[in-house]
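So the structure is just underneath, and the comments pick up after that.
The values are calculated or read from the model by the stated rules, or taken from the named source; none is laboratory data. If you're wondering where the values come from, they're calculated on a predicted model, not measured in any experiment. Every residue, glycine among them, receives a Cβ derived from its backbone with ideal geometry; neighbour counts consider all protein chains shown.
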Amino acid sequence: MSNLPDTATPAGESLISAMQQRRSAQAFNFFSCVAILIPVLIPIWIAASIVVYATVAHHPNQQVRDFLTPAGYRFYGLVGALVVTLNFSSMMAAWVGGGLNLALIIWASGFLIVFPLGVRDIMRAQKFPWQDIKA
């Protein structure tokens, strides 16, 4: 006999705990912030974020999806801007004094767009009054 609580309801529906919902709401923001802090992870997170976004976008709780949407706009908007910027990086590097300066400007811009608002949303999800729901 297991000491774990039974999460199956009599009709075969499962129970999604408040903690699971909170973590789902925080996941995209958290990993986007980590990828921005460690730029080498951005290509990996671009690929993984598609799976996370698709999974959370179909969550049965609308509140979880509401935390995902602005995070997706921020991160994917930044990635789109990076594609454009990097296509013209040879010309832009001359404008800002070299490739290293351009890389630092790109990283700082990405950090300012994603990190503060991501941390804000992580804290908002932490404080949100989540309740268990039946899926």
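Numerical summary
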{"read-out": "Some residue of region 14-33 being modelled with pLDDT under 95, in contact with a strand residue (DSSP E or B) (Cβ under 8 Å, 6 or more places away or on another chain), of a type outside the set (S, T, N, Q) and surrounded by 11 or more Cβ atoms within 10 Å (Cβ to Cβ)", "value": "yes"}
{"read-out": "Residue in region 52-78 that is farthest from residue 23 (Cα to Cα), counting only those that are β-branched (Val, Ile, Thr) and exposed (fewer than 15 other Cβ atoms within 10 Å of the Cβ)", "value": "69"}
{"read-out": "Checklist (1) within 22 Å of residue 46 (Cβ to Cβ); (2) more than 23 Å from the chain's Cα centre (by Cα); (3) surrounded by 13 or more Cβ atoms within 10 Å (Cβ to Cβ) applied to residue 88, failing item", "value": "(3)"}
{"read-out": "Given (1) closer than 19 Å to residue 120 by Cα; (2) in contact (Cβ under 8 Å) with a residue 12 or more places away in the chain; (3) out of contact with any His (no Cβ under 8 Å at 6 or more places or on another chain), index of the condition residue 23 fails", "value": "(2)"}
{"read-out": "Neighbours by Cβ (under 7 Å, 6+ apart or cross-chain): first from region 119-135, touching a residue at least 24 places away in the same chain (Cβ under 8 Å) and under 16 Å from residue 60 (Cβ atoms); second surrounded by 13 or more Cβ atoms within 10 Å (Cβ to Cβ) and among the hydrophobic types (A, V, I, L, M, F, W, C)", "value": "130/18; 131/18; 132/15; 132/16; 132/18; 133/16; 134/15; 135/16"}
{"read-out": "So residue 82, is it closer than 20 Å to residue 115 by Cβ, over 13 Å from the mean Cα position of the chain (by Cα) and either in contact (Cβ under 8 Å) with a residue 24 or more places away in the chain or not in a helix (DSSP H, G or I) (or both)", "value": "yes"}
